Amino acid sequence: MELIHLRRAGVSVIFDTSSGTPAILHWGTELPDIHDADAFVRAQLELTPPCDFDQPQTIGIWRENARGFLGRPTVIGSREGSDFSQKFDLRDVKLHGEQAVEFCSVDTDAELEVCAKFELDEAGILHIRQSITNLNLVPFNLESLTTFVPVPDYVSESLDFTGRWLNERNPQRQRIQVGSWTREGREGRTGHDYTLVQFALAEGASFQSGEAWGLSLAWSGNNRHILERTPIGRTSLGAGELLLPGEVILGSNETYEAPEVWAVYSAEGIDGASARFHQTIRARSNHPTNIRPRPVTLNVWEAVYFDHNLDKLVALADAAAEIGVERFVLDDGWFGARRDDFAGLGDWVVSKDVWPDGLGPLVEAVNARGMEFGLWFEGEMVNPNSDLYRAHPEWILQSGGRVPPEFRNQQVLDLSHPGAFEHVFNQVHAILSEYNIAYIKWDHNRVLTEAAHFGRPTVRKQTEAIYRMFDELKAAHPGLEIESCASGGGRIDLEMINHADRFWTSDNNDAHERQSIQRHTTIVIPPEMLGTHIGPTKAHSTGRTLSVSFRGATALWGHAGLEWDLTEATEAQKSQLKGWIDYYKANRDLLHSGRVVRVDQAEVNSWTHGVVSHDRSRALFSHVALAQSQFSRPANIRLANLDAAADYFVRVVEPAGAPEYTQIAGPRWFEGVNLSGAALAKIGLRAPALRPDQAILIEVTRA
Ligand code: DGJ
């Protein structure tokens, strides 16, 4: 007997095919060569309990009920009520070295073929692609094709993320119980509530230590993540596209390809999982930092909203250029009858009312000040009050002749209509051809309801259409960057990374709230792909008033920018902003390439996080007080992931101005001390007594 052993970057995946179906015997830490496959398999054969199946059952990756499996099967579907139960026999195995394997199995009665490809990449991420083909003449109605991977019995905690507009990626951690913990997204887009990753954790796993297994569905439409523990005692993670009833009906010889699933294992806590996600994402040749450094961006939305005025925007461009901004983005309101959010979506033609001479004067002013120009679109949407809707009311997603309830006064265009797709593409293409536009921000502000194309569910097709739209726009405009936005962080996922270059992390620019949103979104997405802006002094989302120093110390940790009416900023504030921008430019190579570190906390009210360069010669940390400390002498600040044996020079830097403290005299190391990586990790540094919503930045350089 032979086992299939994939092995890379400290991860092993071991398959056994001896029972006639591929079964995963291990996914986790790298194991040595298996010399006695027989013994390995025997050690894992299940017992036979009383009042149960008479022979041990081997449950493979397709988890068929026919093999005695009583949890959720991999394939759910039927052919006019028949063939609802399948038993797939392994027909073909293709092994690609120690890195990839492909299995295809057939059920000759149900006349279905399923295939699954498992591939370990350089970072140890396991990429899984599944497909199902109908081999019969009668259509097969597929309800779901889920990718499942087993995790060890000793996982005890579930960690996933939930959210809503202005409040994305809240962690929910709980004990795993028997049953199925299912996170579903039915918004027709990725969703603010999308978990980004569903983890199963060994007891007590933290950011820095312990074992973590996670699954993430690479898909921007309806989605499902599952953590299932069955009463027999086994636990699995699952992920798959959530199909609406009748959405995939496979005709003869038709194949459904499930979205790719990324499976991550870490023996170094949640941060270890992040490191693998980031390594894989950064290895892509089109990863934005492999092309050029991430430019400091000014988006004018929270500065002017719909109040477009050339003089005002040129004054803003002046103020932006003065402090070192590199990209200037005109947001919503430049087209059609879009003077507010009641009209205009769908008419991607420059408004003569507000832009009598077109966008040329503004684009030229921005370019003349050494900045790139960016422009906002929301191409999948239409306001009923628009020329497009008046001409083509039949181009919206709808079912049963009903018009879906309006959401932000808008409907969704059905991009499966070739005419609708071409209309959007041609209008956007014309604007991009006319003006020197380096970048577009593409929004998606409503959920899909009753998403049908001629009565048939079409979320999947709509999702594929937006990928095609982005790809074709990029092909027609080489070098064009696209930001994926959906009322903030509603369309952030591991497939959109292949079509867009930046995500708008959240519409919430309040730095206090951004601390958590950024901390948890970067578990999967590297910071350089996440827009992080300094917002107005009084946050529009929450009304909180925060210092430039704290807003800067928060917005530094991503693709940094501003979203604030700089013409109202004082000279002192502008000089703080300039200092902050200079610092970002000088350090973005580190911020956008290093390992993201979240130090396990000693106090509930403060966080320490940072980025450490891969050679561990440089690091930058931020110590953040979200509320005042419980103690008059707060717990020491520890710095993780440095080289324990090396000496480092450590000092506090204040690129956006000094934070506020409650202390009379602060810790004595701020101006610089030399300490070993081990001392910094195990003893740490005395923490200052910061006021709530204040942060210090700690620069670390190998001595
Ligand atoms: C929602 C986005 O997230 C905002 O940043 C802004 O672009 C508005 N839409 C514009 O309508």
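Nothing in this text is a laboratory measurement; each read-out follows from the coordinates by a stated rule. Fair warning: this is a prediction, and the values are worked out from it, not measured in the lab. Cβ placement follows ideal geometry from the backbone for every residue including glycine, while neighbour counts extend to all protein chains displayed.
Cysteines of the chain lacking any other cysteine beta carbon under 4.7 Å?
Lone cysteines by the Cβ rule: Cys51, Cys485.
Select from the chain the helices, each a whole stretch of DSSP H, whose alpha-carbon atoms run 18 Å or more along the helix axis and whose Kyte-Doolittle mean is at least 0.0; answer none if there are none. Mind dumping the intermediate values first?
Working: long enough: 269-282 (20 Å, -0.44); 310-323 (20 Å, 1.05); 418-434 (23 Å, 0.16); 459-476 (25 Å, -0.57); 571-591 (29 Å, -1.07).
Membrane-span-like by this rule: 310-323, 418-434.
Would you please give the residues with an amide H less than 5 Å from that of Thr162, counting only those at least 5 places away or on a separate chain, with H modeled from the backbone geometry?
Placed amide hydrogens put Arg169, Asn170, Gln172 under 5 Å from Thr162.
Of the options Cys104, Leu675, Ser82, report the single residue whose Cα projects farthest towards the positive end of the charge dipole of the chain (beta-carbon charges: Lys, Arg +1; Asp, Glu -1).
Of the listed residues, the answer is Leu675.
List the relative contact order of the chain as a percent without decimals, with contacts defined as Cα pairs under 8 Å and 6+ residues apart. Could you put the intermediate results ahead of the total?
Values: 1708 pairs, mean separation 68.9, N = 703.
The normalised contact order for the chain reaches 10 percent.
Counting pairwise Cα distances across region 365-453, what percent come out greater than 17 angstrom?
54
Hey, any idea what Rg/Rh is for region 3-282, computing Rh the Kirkwood way over Cα pairs?
0.95
Working from the alpha-carbon coordinates of the chain, get Rg over Rh, Rh being the Kirkwood radius.
Numbers: Rg = 26.7 Å, Rh = 27.0 Å.
On the Cα set of the chain, Rg over Rh gives 0.99.
Which far-off residues, 5 or more places away or on another chain, put their amide H under 5 Å from the one on Leu685, with H placed in the peptide plane?
Residues meeting the amide H criterion: Ile637, Arg638.
Quick one: Leu566, Leu237, fewest Cβ neighbours within 10 Å first, how do they rank? Mind dumping the intermediate values first?
Details: Leu566 22, Leu237 26.
Ascending Cβ contact count within 10 Å gives the list Leu566, Leu237.
Of the listed pairs Lys94/Lys461; Lys441/Lys461; Lys352/Lys474; Lys312/Lys352, which have alpha-carbon separations greater than 19 Å here? If you can, show how the numbers build up before the last one.
Working: Lys94/Lys461 31 Å; Lys441/Lys461 22 Å; Lys352/Lys474 27 Å; Lys312/Lys352 17 Å.
In this structure, Lys94/Lys461; Lys441/Lys461; Lys352/Lys474 exceed 19 Å between Cα atoms.
Taking region 594-658 on its own, what percent of its Cα-Cα pair distances exceed 17 Å?
48
Taking amide hydrogens as modeled 1.01 Å from N in the peptide plane, which residues meet the under 5 Å criterion relative to Tyr648, leaving out close sequence neighbours?
For Tyr648, the qualifying residues are Leu675, Ser676, Gly677, Ala703.
List, in order, the whole-Hz ³J(HN,Hα) value for each residue of region 479-495 obtained from phi through the Karplus relation with A = 6.51, B = -1.76, C = 1.60 and θ = phi - 60°; use x for Gly and Pro.
x, 4, 9, 10, 9, 8, 10, 9, 6, x, x, x, 9, 10, 7, 7, 9
How do Ser206, Ser236 rank when sorted from fewest to most other Cβ atoms within 10 Å of their own Cβ? Write out the running numbers ahead of the final one.
Details: Ser206 15, Ser236 23.
So the ranking, lowest neighbour count to highest, is Ser206, Ser236.
For the chain, what does the helix formula give at 222 nm: sum of -39500 (n - 2.57) over DSSP H segments with n ≥ 4, over the residue count, nearest 500 deg cm²/dmol?
Working: 13 runs with 137 residues, N = 703.
Calculated at 222 nm, the ellipticity per residue is -6000 deg cm²/dmol.
Under the Karplus relation 6.51 cos²θ - 1.76 cosθ + 1.60, θ = phi - 60°, what is the ordered set of whole-Hz ³J(HN,Hα) values for region 661-666, x standing for Gly and Pro?
Listing the rounded values in order: 10, 9, 7, 7, 9, x Hz.
Taking +1 at the Cβ of each Lys and Arg and -1 at the Cβ of each Asp and Glu, which of Tyr389, Phe631, Leu120 sits farthest along the dipole of the chain towards its positive end, judged by Cα position relative to the Cα centre?
Farthest towards the positive end: Phe631.
Treat every Asp and Glu Cβ in region 466-575 as -1 and every Lys and Arg Cβ as +1, leave all other atoms uncharged, and give the resulting dipole magnitude about the Cα centre to the nearest 20 debye. Before the final figure, lay out the partial values.
Numbers: 10 positive and 15 negative charges, 62 e Å.
Dipole of region 466-575, to the nearest 20 debye: 300 debye.
Of Thr255, Val11, Ser547, which is farthest on the positive side of the dipole of the chain, counting Cα position, with +1 on Lys and Arg Cβ, -1 on Asp and Glu Cβ, and the Cα centre as origin?
The residue sitting farthest along the positive end of the dipole is Ser547.
So, with +1 on the Cβ of K and R and -1 on the Cβ of D and E, and no other charges, what is the size of the charge dipole of region 3-282 about its Cα centre, to the nearest 20 debye? Each step should come with its number before you reach the end.
Details: 24 positive and 40 negative charges, 142 e Å.
Its charge dipole is roughly 680 debye.
Taking the Cα centre of region 509-569 as origin and charging only Cβ (+1 Lys, Arg; -1 Asp, Glu), how large is the dipole, in debye to the nearest 20?
Values: 5 positive and 6 negative charges, 43 e Å.
Roughly 200 debye, rounded to the nearest 20.
Give the average over all directions of the projected area of the C-alpha convex hull of region 100-243, one decimal, in nm².
Values: hull surface 42.4 nm².
Averaged projected hull area, Cα only: 10.6 nm².
In whole percent, what relative contact order does region 3-282 give with Cα contacts below 8 Å and a gap of six or more residues?
Working: 718 pairs, mean separation 48.6, N = 280.
So the answer I get is 17 percent.
In whole Hz and in residue order, list the ³J(HN,Hα) couplings for region 638-652 that follow from phi through the Karplus curve 6.51 cos²θ - 1.76 cosθ + 1.60, θ = phi - 60°; x for Gly and Pro.
9, 10, 10, 6, 7, 7, 4, 7, 8, 9, 10, 8, 10, 8, 8
Within a 10 angstrom radius of the beta carbon, how do Ile637, Ile232 rank from fewest other beta carbons to most? All intermediate terms of the calculation are to be shown ahead of the outcome.
Values: Ile637 22, Ile232 15.
Ordered by Cβ neighbours within 10 Å, fewest first: Ile232, Ile637.
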